[in-house]
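Novice: Okay, here's the structure, questions in a sec.
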Amino acid sequence: MNTMGGPTATRDLVAAVSSELTPTERRIAEAVLAEPTLLAFGTVSDLAGRVRTSRPSVVRFARKLGFDGYTQLQRNARRDLSRRLARPSERIRHEDESGRSVRGVLDSAIASAFEAVQGERLATLAAPFVKAGRVWVLSGETSQAGAHAFHRRLSIVRPGVHLLDEHSMGTDLSGAGSDDAAIVFDFFRYRSRVITASQFLADAGVTIVAVTDSPLSPLVEIADLWCEIEVPAIGPFDSSVPVVAIAESLVSQVARDLHDEATARIDRIEALWEATEVFL
């Protein structure tokens, strides 16, 4: 068991035992150092398959680094990634390393978002929100803009849309059932309560649509439908642009599919706004 006082970087752990690694273990080490998310979010089988070795070999590698097994090594790797990649201060320190402009980064991310919902994919992802009795909206910390955009716009298009707050999540979800659908926005660093709530909804028979940033996201195993988008860092923070683009695209598709129901509801809301003098 690793007895160090806190999480130690995987690179440092590998360096400490580098002279003791077998050729197979060295290939495993090279893979996890080249692609840290593979170790942080992949399974033993994912890593073994990438390196073309056996699962026991991966477990022996974890033990050689001082851990009881793969799960403990993975937990350490997640903390390591969280510290290195997600701290806003670190992003400020390294933001100029790629040489890409903000516009270039956002152009790429927006292209990624539209690619994720091209063709029939958009209609497929939107379909559960057309038919559902209620729609639940969840998000992690860095994806709130997408959740709020989706909730606000879809609430105008159709009734029964609920934005979940983690403080009242238990009460809100107690009546969720198989006639409902949920959309979950979450990116690395994945929010534990969002994953737990998503699993609860899935167990209750709710159709889950996930918008996330990796095939290794924990939401992928829970969701009935999911799409992957690029979420770049703009300065110290994750950009909200691509997730809002996805949210607005989905609502637009739902409005097209509901058509007469959507237009009737929008007309009623507009009439109420006019009667209550919401706008100048």
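Novice: Nearest 5 is fine: what % of DSSP beta bridges in the chain come out antiparallel, could you say?
Specialist: Rounded to the nearest five, the antiparallel share is 10 percent.
Novice: Another question about this same structure. Filter the trypsin sites (Lys or Arg not before Pro) in segment 44-75 down to the DSSP loop ones having no more than 15 other Cβ atoms within 10 Å, then list what survives.
Specialist: Arg52
Novice: Additional query: Suppose only helical runs count, i.e. DSSP H with n ≥ 4. What mean residue ellipticity at 222 nm does that imply for the chain under -39500 (n - 2.57) per run, divided by all residues and rounded to the nearest 500 deg cm²/dmol?
Specialist: Computed mean residue ellipticity for the chain: -17000 deg cm²/dmol.
Novice: Let me ask you something else. Taking the mean number of other Cβ atoms within 10 Å as a proxy for protection, how do you rank 136-142, 173-179 from highest to lowest?
Specialist: Final packing ranking: 136-142, 173-179.
Novice: If you average 1/r across every pair of different Cα atoms in segment 10-86 and take the reciprocal, what Kirkwood value do you get, in Å?
Specialist: On the way: mean 1/r = 0.0826 Å⁻¹.
The answer is 12.1 Å.
Novice: Residue by residue, what Karplus-based ³J(HN,Hα) values in Hz, rounded to whole numbers, does segment 228-240 have, using 6.51, -1.76 and 1.60 with θ = phi - 60° and x for Gly and Pro?
Specialist: 10, 10, 7, 10, x, 8, 10, x, x, 10, 5, 6, 8
Novice: With N denoting the number of residues in the chain, provide Rg(C-alpha) divided by 2.2 N^0.38 Å, to two decimal places.
Specialist: 1.17
Novice: Using the Karplus equation 6.51 cos²θ - 1.76 cosθ + 1.60 (θ = phi - 60°), what ³J(HN,Hα) coupling, rounded to whole Hz, does each residue of segment 65-75 give in order, writing x for Gly and Pro?
Specialist: Karplus-based 3J(HN,Hα) across segment 65-75 equals 7, x, 9, 5, x, 5, 4, 5, 4, 5, 4 Hz.
Novice: Residue separation times 0.36 nm, minus the C-alpha to C-alpha distance between Glu35 and Arg103: what's the value?
Specialist: Values: separation 68, 0.36 × 68 = 24.48 nm, distance 2.62 nm.
Additional length available on full extension: 21.9 nm.
Novice: Taking 0.36 nm per residue of sequence separation and subtracting the Cα-Cα distance, how much length would be gained by fully extending the chain between Gln144 and Asp267, in nm to one decimal?
Specialist: 41.5 nm
Novice: What GluC sites (Glu not before Pro) in segment 197-241 are in a loop by DSSP, with at most 15 other Cβ atoms within 10 Å of the Cβ? Walk me through the intermediate numbers first.
Specialist: Details: sites: Glu221, Glu228, Glu230; in loops: Glu221, Glu230.
Answer in residue order: Glu221.
Novice: Here is a follow-up. Quote to one decimal, in nm, the extra length available between Thr22 and Phe114 on full extension: 0.36 nm per residue of separation minus the C-alpha distance between them.
Specialist: On the way: separation 92, 0.36 × 92 = 33.12 nm, distance 4.45 nm.
Taking Thr22 through Phe114 to full extension adds about 28.7 nm, to one decimal.
Novice: Could you tell me which chymotrypsin sites (Phe, Trp or Tyr not before Pro) in segment 237-280 are loop residues by DSSP with no more than 12 other beta carbons within 10 angstrom of their beta carbon? Intermediate results must be reported in sequence, preceding the final value.
Specialist: Working: sites: Phe237, Trp273, Phe279; in loops: Phe279.
Loop-located and lightly packed - Phe279.
Novice: Could you give the nm distance between label points at Phe237 and Val278, where each point is 7 Å from its Cα heading toward the beta carbon?
Specialist: In this crude label model, Phe237 to Val278 measures out at 2.6 nm.
Bear in mind that the values in this text are calculations on the coordinates, not laboratory data. Quick caveat, the model's predicted, so the values are computed rather than measured. Because the Cβ atoms are built from the backbone with ideal geometry, glycine has one as well, and the counts that use them run over all protein chains shown.
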